[in-house]
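One structure is given below, encoded as structure tokens.
The values are calculated or read from the model by the stated rules, or taken from the named source; none is laboratory data. What you are looking at is a predicted structure, and each value in this text was computed from that prediction instead of being measured. Cβ placement follows ideal geometry from the backbone for every residue including glycine, while neighbour counts extend to all protein chains displayed.
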Amino acid sequence: MINILDKTFVPFISRQSIENRVLELSAMISKDYEGRCPLFLVVLNGAFLFAGELVKHIPLTCEITFIRLSSYSQTESTGKVKEIIGLDNNIENRDIIIIEDIVDTGLTIAQLLKQIEDKKPKSVEIATLLHKPEALKTPVAMRYIGFEIENKFVVGYGLDYDGIGRNLDSIYVLA
Ligand code: IMP
């Protein structure tokens with residue numbers, strides 16, 4: 001059990017389970033993109049640890065870049081999405097893999113996808129560590145999903161509660 005600010009969280013997904021699952025996703029991506037040079041778009045801040053672990057085990061020639069979007073205020077989604085910050089690469093005709101920490105309502109990723117698709121990439125797929133299927137408000141096709149979880153607030157392994165908890169090496173759920 002851990003306390004972050006005013007809330008209590010309990011262990012949910014262990015470090016070992018995350019590492020095992022991430023290895024599986026790395027293997028899937030390596031196989032699917034063999035002979036291609038994908039461009040990974042890592043959505044900051046939450047996806048930094050997941051992305052690091054994921055790409056470490058992908059032996060492809062690839063590019064990795066980091067973008068930022070708006071995020072949560074406390075534990076409730078605002079539904080508002082800012083513009084993409086940091087997308088300097090020309091993505092026309094590229095194979096894009098977006099790396100996200102979590103797809104909750106899907107509103108963030110849906111808007112991001114739309115903006116990416118406007119730039120005419122060859123393909124776009126999503127790799128997300130976590131997904132809350134019950135929370136989804138708009139259909140989003142996710143090719144690589146680490147774990148489908150119930151609709152509860154989680155922290156750790158990149159995910160934060162009001163800025164805190166990203167450095168935890170496993171995932172905790174609100175008690
Ligand atoms: P969506 O637009 O509702 O899918 O929200 C996406 C973003 O909200 C994620 O990239 C996270 O930054 C944040 N988020 C959603 N659920 C959680 C959670 O349980 N813990 C921490 N952050 C979350």
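Just a few scattered comments:
- Top-ranked residue of the range 116-148 - restricted to ones that are within 13 Å of the ligand (Cβ to nearest atom) and more than 14 Å from the chain's Cα centre (by Cα), ranked as farthest from Thr65 (Cα to Cα): Glu134
- For the range 86-106, the criterion of a residue being farther than 19 Å from Gly163 by Cα, modelled with pLDDT under 95, more than 11 Å from the ligand (Cβ to nearest atom) and under 17 Å from the mean Cα position of the chain (by Cα) is satisfied by at least one position.
- Applying a threshold of 6 Å to beta carbon distances and a minimum spacing of six or more residues, or different chains, the list of pairs starting in the range 130-148 at a residue that is under 17 Å from Ile98 (Cα atoms) and ending at one that is part of a loop (DSSP other than H, G, I, E, B) and at pLDDT 95 or above reads Leu130/Ile149.
- Within the range 137-171, the set of residues being within 17 Å of Arg21 (Cβ to Cβ) and in a strand (DSSP E or B) comprises Tyr144, Ile145, Gly146, Phe147, Glu148, Val154, Gly156, Leu159, Ile171.
- So Leu54, is it at pLDDT 95 or above and surrounded by 14 or more Cβ atoms within 10 Å (Cβ to Cβ): yes
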